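The values are calculated or read from the model by the stated rules, or taken from the named source; none is laboratory data. The shown structure was predicted, so the numbers you read here are calculated from the model rather than taken from an experiment. Reconstructed Cβ throughout: ideal geometry from the backbone, glycine too, with neighbour counts over all protein chains shown. To get the accessible areas, we keep the full protein, side chains included, count just its heavy atoms, and leave off ligands, DNA and RNA. Shrake-Rupley method; radii C 1.70, N 1.55, O 1.52, S 1.80 Å.
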Amino acid sequence: MNLSTGVAYSDRMKILIDPGHSGPGEPGACAGDVTEAVVVLAIARLAAARLRERGHTVRLSRDGDIDDDGLTWRAERANEWGADLFLSIHANSAADPAAHGTEVWHYPGSRAGRRLARRIQRAIVRRLDTADRGVKPATFTVLAATDCPAVLIETAFLSNPADRALLTDPARQADFAAAIAAAIEKMNP
């Protein structure tokens, strides 16, 4: 048992990564010609590749556009598979284009989720020098309905020009993925 997460595993985990939103039917945040669904899918694929290189078994909830904009099925996929960790990756947006930075959400009362959220938050802020908007509790469906430790990562703001530049730059997408993967590696004993 890993004392920092409460997850039972040897030293490799089953991780479900959920690239938030999906394609034309539910693109998520939009700014200019950029959609959240496209940006977070790129980051999720890169994070999955890094975690697989480290020996983890990783699945994506989607690996392209899908026609389902529901939320419960995302958590159900993790639960049915017996995932050790669930990561939902998003890009934020606000009416005020000055809003910027990174925040990570966890389910209230989930100590393991809160620890994971803190590690991911620190790793992204350090690696990408984004504003630290904190770690926050929430009862979002993907957090509440998931049996394993779960976090929802708001990587940066598409509505902010500087953050959008990070989110659309392939090298910086790789940095987001590397930060997420490094934070998860620190969960191992």
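A 1.4 Å probe, protein heavy atoms only, puts the accessible area of Trp81 near 30 Å².
The overall shape of region 126-189, judged from the alpha-carbon gyration tensor, is oblate: a/c is not under 1.5, and a/b is no greater than b/c.
How would you classify region 91-149 from its alpha-carbon gyration tensor, with a ≥ b ≥ c the square roots of the eigenvalues: rounded for a/c under 1.5, else prolate if a/b is greater than b/c, otherwise oblate? Walk me through the numbers before you get to the answer.
Values: a/c = 2.85, a/b = 1.48, b/c = 1.92.
Since a/c reaches 1.5 but b/c is at least a/b, the shape of region 91-149 is classed as oblate.
Ranking Glu36, Glu76, Glu185 by solvent-accessible area of protein heavy atoms (1.4 Å probe, all protein chains present), from largest to smallest, gives Glu76, Glu185, Glu36.
Surface exposure of region 46-142, expressed per residue as accessible area with a 1.4 Å probe, stands at 50 Å². Residues in region 100-109 carry Karplus couplings, in order, of 7, x, 10, 9, 10, 10, 9, 6, x, x Hz; the curve used is 6.51 cos²θ - 1.76 cosθ + 1.60 with θ = phi - 60°, and Gly or Pro positions show x. Relative contact order for region 55-175: 35 percent, from Cα pairs under 8 Å spaced at least 6 residues apart, divided by residue count. Take the Cα of Val34, step 7 Å toward its Cβ, do the same at Ala94, and the gap between the two points is 1.6 nm.
Annotation: for a label point projected 7 angstrom from Cα along Cα→Cβ of Arg59, residues of region 132-149 with backbone N closer than 14 Å are 147-148.
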